[in-house]
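Remarks on the structure that follows.
Derivation of every value follows stated rules applied to the coordinates shown; laboratory data play no part. Keep in mind that this is a model prediction, so the values were computed, not measured. Ideal geometry is used to build each Cβ from the backbone, glycine not excepted, and the neighbour counts take in all protein chains shown.
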């Protein structure tokens, strides 16, 4: 079907192609990517824009000896296709298939596993220093998107790499957008670089006249010439101040220009940065026209670009959050919203549209988002800071030091808590309950449905001090009516009995109350035992009235979508230990291992988080 791609089984095959075939290969890679992702959704937008960069890198560098590190991994699909995983790519992000992100255990060409933003420079620096110490002569390249430069870790890596004089090339893949539109001073600086007419005029003259042997002398002359140094005044001053040799910007979607400059830079020494301009969604018109939607569009018709959406039986939690936040902001002038570059994903675009002056997108800066929220709270506001659960791990110190220690009332809403499905281990929000339960002054709660999320958000406003953490899963809710429902103040640390019973007690937290109720009916049908069911609602403070009542049962089964070690199972076990009675305690949740990518329901089934799984655990516990 594909003239060149069908014969590419490794980068050696890319290096063997005639130069004039590279453009067509890039087109074929894009077509194949669209074909596969239309049926099996993934992060296609960034990868469409980085095809020429990846083809060029494998053309010029001796991979896998030379190391490529892709930031986040959203841009690395072409890399997977060209490195012996062409056929496996058809099953990307599915159970038993390859990961959607670079993964060291998957391929020798994945020199470092990535999934979270801004890690590439630090990892590449480590690889470069290891190669230097071993004397292997390996070249190391980090490919980082401009959105990832808003993350502090990227600048820590750049600062260290520049001062270390390491032999490292950083490619800045500048497409002017991450998931949503980029914001902040770094973005504005890059925009100034790429649009300054004097700078671009000089650059065109430089690249038109450079020859292979004159590159070093020419660039050094221009850098040292203070009168004509537009590179420093308009372009790469920031990167050069950090100790990097700055080159570009170039057209990162021109395969000839990419391979030419990579050849010229490959054998230079020391830290270098190549600024490439690319277009997110390049080569596929629907993705070019709406890059935010096409970051991860779901299934679509490859011929027309029409997205194939399934009818949702219930509203998504992120939409419940977004609409509720707007309602609360209208009721209380102190309410503001903060997101680290996840406005559309968490539903906060609703607040952005309704009250832009009370909406803050701080970029991919989870640590800053939390401490900024702490400052807002110290100033008398009521900040709702929404971070994906797995990304909140980066802000652990700030949650302790800047919020909890100072007893500041910051509402932390952790979207994508629990098992998230196809994004897999890098994005599963498994560790939040265990991590944050240990923090003094913290409240940790999880709603069982959409209405409870709404009411917990309302209740959080009256919380006087410390982090008020609300965690909820990715995807749709339980179908509970919530729109325009009156708000109800939920007492902190108070759960709710959902079913009377005897012998066995099922204690749930989060979106498993319905599954537990169905499981209780199944247990009664099979054994005659009618289990009681409670929604704990709060992990911290724990409802000790429920714990004392549960202590009188023969068996207690806890159900959660967090890690069993330290989560609800840990909390209930600790609370039951000093009480009279000795029930059998069994926990259902995420075991002590990383859960790989699969459909969300498949992941939950693996962990026993289904009515059948819960019923089986209860029957085993009472046997």
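Only bridges whose two residues both fall in the stretch 496-622 count here: according to DSSP, what percent of them are antiparallel, nearest 5?
Numbers: 3 of 18 bridges.
Antiparallel bridges make up about 15 percent of those DSSP assigns within the stretch 496-622.
Indicate the gyration tensor shape class of the stretch 305-356 (rounded, prolate or oblate), computed on the Cα atoms with a ≥ b ≥ c the square roots of the eigenvalues: a/c under 1.5 is rounded; otherwise a/b larger than b/c is prolate and the rest oblate. Taking the square roots of the gyration eigenvalues as a ≥ b ≥ c, the stretch 305-356 is prolate. Of all DSSP beta bridges confined to the stretch 317-473, the antiparallel ones make up roughly 5%.
Only Cα pairs under 8 Å and 6+ residues apart enter the sum, and on that basis the relative contact order of the stretch 496-622 stands at 30 percent. Before anything else, pin down the relative contact order of the chain: Cα pairs under 8 Å, at least 6 apart, normalised by residue count, whole percent. Averaging sequence separation for qualifying contacts and normalising by length gives 11 percent for the chain. Reported to the nearest whole Å, the Cα centre-to-centre distance from the stretch 485-540 to the stretch 23-92 is 47. Using the alpha-carbon positions of the stretch 502-623, Rg (one decimal) and Dmax (whole number) come out as 13.5, 42 Å.
Angle of helix 450-461 to the longest C-alpha principal axis of the chain, folded into 0 to 90 degrees and rounded to 10: 80°. The angle between the Cα long axis of helix 197-209 and the main principal axis of the chain comes to about 60°, on a 0 to 90 degree scale. When 52, 367, 289 are sorted by how many other C-beta atoms sit within 10 angstrom of their C-beta, beginning with the fewest, the order is 289, 367, 52.
Rounded to the nearest 500, what is the chain's calculated 222 nm mean residue ellipticity when only DSSP H runs of at least 4 contribute -39500 (n - 2.57) each, over all residues? Could the numbers behind the result be given before it?
Values: 26 runs with 244 residues, N = 623.
That calculation yields -11000 deg cm²/dmol at 222 nm.
Could you give the C-alpha radius of gyration of the chain expressed as a fraction of 2.2 N^0.38 Å, taking N as the number of residues it contains? If you can, show how the numbers build up before the last one.
Values: Rg = 26.5 Å, N = 623, 2.2 N^0.38 = 25.4 Å.
Relative to the rule-of-thumb radius for its length, the chain sits at 1.05.
Sorting 104, 522 by the number of Cβ atoms found within 10 Å of their own Cβ, with the fewest placed first, yields 104, 522.
How would you order 11-20, 447-456 from highest to lowest mean count of nearby Cβ atoms within 10 Å? Don't skip to the end; give the middle numbers.
Details: 11-20: 14.0, 447-456: 24.2.
Those peptides, ordered most packed to least, come out 447-456, 11-20.
Taking the DSSP bridge list for the chain and keeping only pairs wholly inside it, about 15 percent are antiparallel. Sorting 582, 38, 105 by the number of Cβ atoms found within 10 Å of their own Cβ, with the fewest placed first, yields 105, 582, 38. Once C-alpha pairs closer than 8 Å and six or more residues apart are averaged by separation and normalised to the residue number of the stretch 317-473, the relative contact order reads 23 percent.
A crude spin-label estimate for the pair residue 155 and residue 354, with each label 7 Å from Cα along the Cβ direction, gives 3.3 nm.
Stretched out straight at 0.36 nm per residue, the stretch from residue 500 to residue 462 would grow longer than its current Cα-Cα span by 10.5 nm. For the stretch 317-473, pairs of C-alpha atoms spaced more than 22 angstrom apart make up 31 percent of the total.
For the chain, find the longest principal axis of its Cα atoms and tell me its angle to the long axis of helix 51-60, 0 to 90°, nearest 10. Computed tilt is about 60 degrees. Return, ordered by residue number, the residues of the stretch 582-615 whose backbone nitrogen is under 11 Å from a label point located 7 Å along Cα→Cβ of residue 525. Inside the label zone: 612.
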